[in-house]
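Undergrad: Pasting a structure below so you can have a look.
The values are calculated or read from the model by the stated rules, or taken from the named source; none is laboratory data. Just so you know, these numbers come straight off a predicted model, no measurement behind them. Backbone-built Cβ (ideal geometry, glycine too); neighbour counts: all protein chains shown.
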Amino acid sequence: MKENYKSKPHESAVGHVSGKAIYTDDQRLPSGMLYLWPVLSPYAKAKILNIDTANLNNIPGFVTLLTADDIPGINNTGSIKHDEVLLPQTEINYWGQPVVWVVAETERAAQTVAETLKIEYEPLTPILTIQDGIKNQSFHGDKNIMRRGNPIKALQESDFILTGNIEIQGQDHFYLETQVAWVIPNLEDGYQVYSSTQHPSETQAIISEVLGIPRNQIVVTCLRMGGGFGGKETQANPTAAIAALAAYKTGCPARVRLKRDQDMITTGKRHPFLAQYQVGFNSEGQLLALDIDLYSDGGWSVDLSFPILQRAMFHIDNCYYIPNLEVRGQVVKTNKVSNTAFRGFGGPQGMVIIEEIIDQIARKLSLPPETIRERNFYRGEGETNTTHYGQEIFDNRILRVWEEVKIKSNFDNRKQEIFEFNQNHDYQKRGLAITPVKFGISFTKTEYNQAGALILIYQDGSIQLNHGGTEMGQGLQTKMLQVASQALGVNIKRFRIMPTSTDKVPNTSATAASSGSDLNGQAVKNACETLKQRLAEVAAKLLNFNDAKELIFEEDWVYCKSYPRYKIAFEEVVKQAYNQRVSLSATGYYRTPNIYYDPKIGKGRPFYYYSYGAAVSEVEIDGFTGTFKLRQVDIVQDVGESLNPLIDIGQIEGGFVQGMGWLTMEELVWDEQGRLKTFAPSTYKIPTIKEIPKSFNVHLLKRAAQDGVIYGSKAVGEPPFMLAISVREAIRDAIAAWGNSDSISLASPATPEAILNAIEQVQLKSENAL
Ligand code: MTE
Ligand code: MOS
């Protein structure tokens with residue numbers, strides 16, 4: 001992208017800080033709006049015996065109840081599998097499951113009715129953990145396998161073998177704006193839905209199924225989200241569907257907005273994982289074989305669990321060539337919320353696991369972990385640069401980002417300084433770690449890799465820009481405005497970006513997999529090119545020029561390179577085009593070329609390209625409290641030729657801090673009955689400004705343009721999340737300084753308690769060794 005189009009501030013920056021940016025719930029609401037409130041199940045598994053509706057009519061403002069019997073269509077909100085009831089008929093499957101919804105004239109009245117309503121249950125024994133699920137053979141779907149070489153044989157031939165288990169916990173999305181939707185019946189037979197959804201087309205499809213009416217009767221519009229992070233990819237659907245059901249049943253507009261506790265209790269989170277592995281290596285630390293089982297906690301319904309597990313399996317190698325590898329994955333069915341997409345989509349879990357394995361190898365061999373990492377990088381050509389699923393890594397940039405961040409962070413010198421610091425401090429220890437990221441870009445479901453746009457030019461030269469992506473704070477709209485402005489060669493101020501709506505661009509994909517700007521950017525550019533071609537014909541005539549293709553559109557002017565003095569204003573061309581009856585609106589379309597994957601054999605080229613990054617983190621642990629301070633972070637991230645460095649750096653910082661929260665402080669606690677205990681910010685701690693590292697240096701890889709992607713840019717939304725693994729590994733490194741143990745087990749998240757436990761274990765092992 002040309003310099004003058006770059007580094008624009010976020011298009012809603014002023015709106016965000018002044019409060020003028022409108023979110024779904026801030027809209028001027030129509031009169032007669034009804035409000036909904038859920039009645040949540042007090043059991044994780046139970047049978048519904050009776051719902052006592054007597055006396056409800058005496059409560060002022062009460063309108064109606066919504067139960068399974070009210071659904072005219074299909075009682076399902078599941079996207080991949082139809083296993084997710086919107087309202088339970090008889091069976092309760094997790095603690096906090098909405099059993100019925102109350103509809104009333106005010107939110108307060110709806111709440112009062114919900115609290116009055118008596119439901120009788122027969123409690124049953126729930127399955128609450130991955131281990132419990134495995135023991136009871138409680139699974140969603142079959143085992144998924146990816147394999148290269150012969151790991152069993154290679155393990156037998158390895159000089160060293162390590163076996164272990166790794167457990168990783170979930171994460172609540174904690175978007176600032178909770179799930180919200182409102183629906184207004186309109187135009188006799190239709191429904192206008194305003195939903196905070198990352199996937200308006202799917203929300204439309206689910207509502208159409210629930211109401212049993214075709215999709216063309218439903219318009220789903222998303223203005224912008226107050227954060228999504230994957231938590232509104234599918235999980236926005238039930239909220240929108242129940243609001244639509246209320247509108248359908250009552251004929252009135254209806255609104256749902258979840259309170260923070262309701263949101264945290266009822267919506268799915270990042271999948272917890274359990275890994276059981278055997279790894280074989282030689283005395284140099286070279287990986288020879290990995291045999292590994294991954295189990296994820298899918299919760300009560302499938303949701304997106306299969307592709308999330310698959311992405312974990314695709315990323316179990318991170319940046320390392322493992323000649324013999326078998327990874328088996330299975331989704332465990334538990335009586336918990338239905339776990340879902342969350343930034344990285346399984347990738348983070350896969351990478352945390354392999355990075356811990358690498359660390360175990362390093363300590364076993366008394367070699368620095370970074371040495372083991374370096375020795376195992378994909379490099380060269382052919383087999384040693386090909387993943388276990390058969391994709392050759394073209395344009396491998398692992399070593400580039402790695403070497404660059406090592407130099408920028410002064411890694412080697414600091415390692416020495418930290419060693420000396422630790423020698424001289426008994427109760428404070430510092431740790432330093434460097435970890436890489438290679439993240440595959442594309443939806444692994446091939447058909448999702450398409451996008452559309454619709455551009456409308458009006459006679460005064462002002463333009464409306466529509467595309468299929470949604471804005472959740474990541475800056476997609478800003479980037480789309482930049483792309484359109486460059487592609488049409490006109491000032492960005494000419495454009496008004498329109499809310500994402502299924503009546504403008506149909507059949508869209510979720511804004512997810514970090515591919516929002518890759519896909520929609522190409523579709524926007526495509527629409528601009530169509531319009532430009534038409535306008536060029538008009539301009540050529542006006543300029544008495546016979547080759548329309550030679551014309552240049554730049555800064556609101558149209559001219560020919562060889563005669564730049566003869567130029568015509570964009571607005572004039574538009575006016576003439578109208579007069580000459582040339583169409584001033586166009587759609588754009590894009591599909592990612594050259595990707596495929598065959599899940600039956602576990603081979604293919606699922607990713608259009610990879611994003612690379614590397615991070616160095618330094619921590620200091622206080623041995624009395626188990627708390628740590630993040631002293632310095634240096635990052636080099638490959639975002640290609642950035643569309644907008646300001647926004648990209650913001651994405652890298654935000655993603656990193658969110659990843660650090662997952663790995664070090666955000667702790668979800670369920671009790672023995674499967675009740676979530678941490679459903680408010682008082683008990684569930686997300687990082688704040690205080691946790692941001694004192695010295696936080698983000699560098700974008702230079703000379704990094706990526707062929708075949710919009711203006712040479714690369715995806716940035718998710719990959720930096722996984723750079724936070726360097727914080728976990730730096731904590732491990734600091735803990736190691738308390739003794740001389742050949743393995744450091746550290747629970748995730750690395751809370752003060754987990755850190756103190758780990759220190760104690762290291763000290764015990766060291767004493768025993770004496
Ligand atoms: N940034 C902000 N501010 N808010 C968000 O909700 N979601 C992340 C990432 N960055 C998110 C965000 C996730 S999970 C994804 S997949 C991408 O943004 C989606 O947007 P993109 O494809 O346009 O990058
Ligand atoms: Mo992002 S988890 O792909 O919405």
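Undergrad: With the condition being within 22 Å of residue 277 (Cβ to Cβ), I'd like the helices (runs of 4 or more DSSP H) fully within region 351-435 carrying at least 1 qualifying residues.
TA: Those helices (runs of 4 or more DSSP H) span 369-376.
Undergrad: Also, quick follow-up: Would you confirm whether or not region 7-24 contains a residue that is in contact (Cβ under 8 Å) with a residue 24 or more places away in the chain, buried (at least 18 other Cβ atoms within 10 Å of the Cβ), β-branched (Val, Ile, Thr) and not in a helix (DSSP H, G or I)?
TA: no
Undergrad: Still on this structure, please answer the following. Hey, any hits in region 436-450 for a residue that's within 28 Å of residue 725 (Cα to Cα), buried (at least 23 other Cβ atoms within 10 Å of the Cβ), more than 15 Å from ligand 2 (Cβ to nearest atom) and not hydrophobic (A, V, I, L, M, F, W, C)?
TA: yes
Undergrad: Quick one: which of 562, 583 is surrounded by fewer than 15 Cβ atoms within 10 Å (Cβ to Cβ) and at pLDDT 95 or above?
TA: Criteria check complete, one pass: 583.
Undergrad: Inspect all residues belonging to region 752-768 and state whether any of them is outside any helix (DSSP H, G or I) and surrounded by 22 or more Cβ atoms within 10 Å (Cβ to Cβ).
TA: Checked against the condition, which is being outside any helix (DSSP H, G or I) and surrounded by 22 or more Cβ atoms within 10 Å (Cβ to Cβ), region 752-768 yields no hits at all.
Undergrad: Looking for whichever is more than 17 Å from the chain's Cα centre (by Cα) and of a type in the set (Gly, Ala, Ser) here; the options are 268, 329. Which one fits?
TA: 329
Undergrad: I'd like to know if region 488-501 contains one or more residues that are within 9 Å of ligand 1 (Cβ to nearest atom) and either among the basic types (Lys, Arg) or within 25 Å of the chain's Cα centre (by Cα) (or both).
TA: no
Undergrad: What's the number of the only condition in (1) at pLDDT 95 or above; (2) touching a helix residue (DSSP H, G or I) at 6+ places or on another chain (Cβ under 8 Å); (3) not β-branched (Val, Ile, Thr) that residue 45 fails to meet?
TA: If we test residue 45 against (1) at pLDDT 95 or above; (2) touching a helix residue (DSSP H, G or I) at 6+ places or on another chain (Cβ under 8 Å); (3) not β-branched (Val, Ile, Thr), just (2) comes out false.
Undergrad: Turning to a different aspect of this structure: List the residue pairs whose Cβ atoms are under 6 Å apart, where the first residue sits in region 338-367 and is away from ligand 2 (no atom under 16 Å from the Cβ), the second is of a type in the set (D, E, K, R) and not in a helix (DSSP H, G or I), and the two are 6 or more positions apart or on different chains.
TA: 363/742; 364/742
Undergrad: For residue 545, only one of the following conditions fails: (1) touching a Gly at 6+ places or on another chain (Cβ under 7 Å); (2) hydrophobic (A, V, I, L, M, F, W, C); (3) at pLDDT below 95. What is its number?
TA: Every listed condition holds for residue 545 apart from (1).
Undergrad: Filter region 403-442 for residues that are closer than 24 Å to residue 353 by Cα and free of Cβ contacts under 8 Å to residues at least 12 places away in the same chain and give the result.
TA: The answer is 403, and nothing else.
Undergrad: In region 338-349, is there at least one residue being touching a strand residue (DSSP E or B) at 6+ places or on another chain (Cβ under 7 Å), among the hydroxyl-bearing types (Ser, Thr, Tyr) and buried (at least 24 other Cβ atoms within 10 Å of the Cβ)?
TA: Yes - at least one qualifying residue is present in region 338-349.
Undergrad: When you scan region 623-639, do you find a residue that is in a strand (DSSP E or B), touching a His at 6+ places or on another chain (Cβ under 9 Å) and either over 18 Å from residue 401 (Cβ atoms) or more than 16 Å from ligand 1 (Cβ to nearest atom) (or both), even just one?
TA: The answer is yes, given that some residue of region 623-639 is in a strand (DSSP E or B), touching a His at 6+ places or on another chain (Cβ under 9 Å) and either over 18 Å from residue 401 (Cβ atoms) or more than 16 Å from ligand 1 (Cβ to nearest atom) (or both).
Undergrad: Given the structure, is residue 666 at pLDDT 95 or above and under 25 Å from residue 346 (Cα atoms)?
TA: When the stated conditions are applied, residue 666 passes them.
Undergrad: Exactly one condition in (1) surrounded by fewer than 16 Cβ atoms within 10 Å (Cβ to Cβ); (2) not in a loop (DSSP other than H, G, I, E, B) is not met by residue 31; state its number.
TA: (2)
Undergrad: Being within 24 Å of residue 11 (Cβ to Cβ) and in contact with a Leu (Cβ under 9 Å, 6 or more places away or on another chain) is true for just one of 479, 525. Which residue is that?
TA: Matching residue, one of 479, 525: 479.
Undergrad: Being within 16 Å of ligand 1 (Cβ to nearest atom) and modelled with pLDDT under 95 is the filter here; which residues of region 333-380 pass it?
TA: Within region 333-380, none qualify.
Undergrad: Does region 189-197 contain at least one residue that is over 19 Å from residue 499 (Cβ atoms), within 16 Å of ligand 2 (Cβ to nearest atom) and among the small types (Gly, Ala, Ser)?
TA: There is no residue in region 189-197 that is over 19 Å from residue 499 (Cβ atoms), within 16 Å of ligand 2 (Cβ to nearest atom) and among the small types (Gly, Ala, Ser).
Undergrad: Just name the residue that is farthest from ligand 1 (Cβ to nearest atom) out of those in region 204-232 that are surrounded by 21 or more Cβ atoms within 10 Å (Cβ to Cβ) and in a loop (DSSP other than H, G, I, E, B).
TA: Out of the qualifying residues, it is 224.
Undergrad: Pick from region 307-337 the residues that are more than 24 Å from residue 95 (Cβ to Cβ) and assigned to a helix (DSSP H, G or I): which of them is farthest from ligand 2 (Cβ to nearest atom)?
TA: Going through the qualifying residues, I end up with 313.
Undergrad: Also, I was wondering about something else. Which condition breaks for residue 50 when tested against (1) part of a loop (DSSP other than H, G, I, E, B); (2) touching a residue at least 24 places away in the same chain (Cβ under 8 Å)?
TA: Going through the list (1) part of a loop (DSSP other than H, G, I, E, B); (2) touching a residue at least 24 places away in the same chain (Cβ under 8 Å), residue 50 breaks only (1).
Undergrad: Restricting attention to region 458-480, report how many residues are away from ligand 1 (no atom under 16 Å from the Cβ), touching a strand residue (DSSP E or B) at 6+ places or on another chain (Cβ under 9 Å), farther than 23 Å from residue 2 by Cα and of a type in the set (S, T, N, Q).
TA: Number satisfying all stated conditions: 0.
Undergrad: If we scan region 538-545, do we find a residue that is more than 16 Å from ligand 2 (Cβ to nearest atom), in a helix (DSSP H, G or I) and either β-branched (Val, Ile, Thr) or touching a Phe, Trp or Tyr at 6+ places or on another chain (Cβ under 6 Å) (or both)?
TA: yes
Undergrad: Here's something else I'd like to know. Provide a single number: the residues in region 321-332 that are surrounded by fewer than 24 Cβ atoms within 10 Å (Cβ to Cβ) and either on the phi > 0 side of the Ramachandran plot or in contact with a helix residue (DSSP H, G or I) (Cβ under 6 Å, 6 or more places away or on another chain) (or both).
TA: 3
Undergrad: How many of the residues in region 67-99 are more than 21 Å from residue 202 (Cβ to Cβ), surrounded by 20 or more Cβ atoms within 10 Å (Cβ to Cβ) and of a type in the set (A, V, I, L, M, F, W, C)?
TA: Qualifying residue count, region 67-99: 3.
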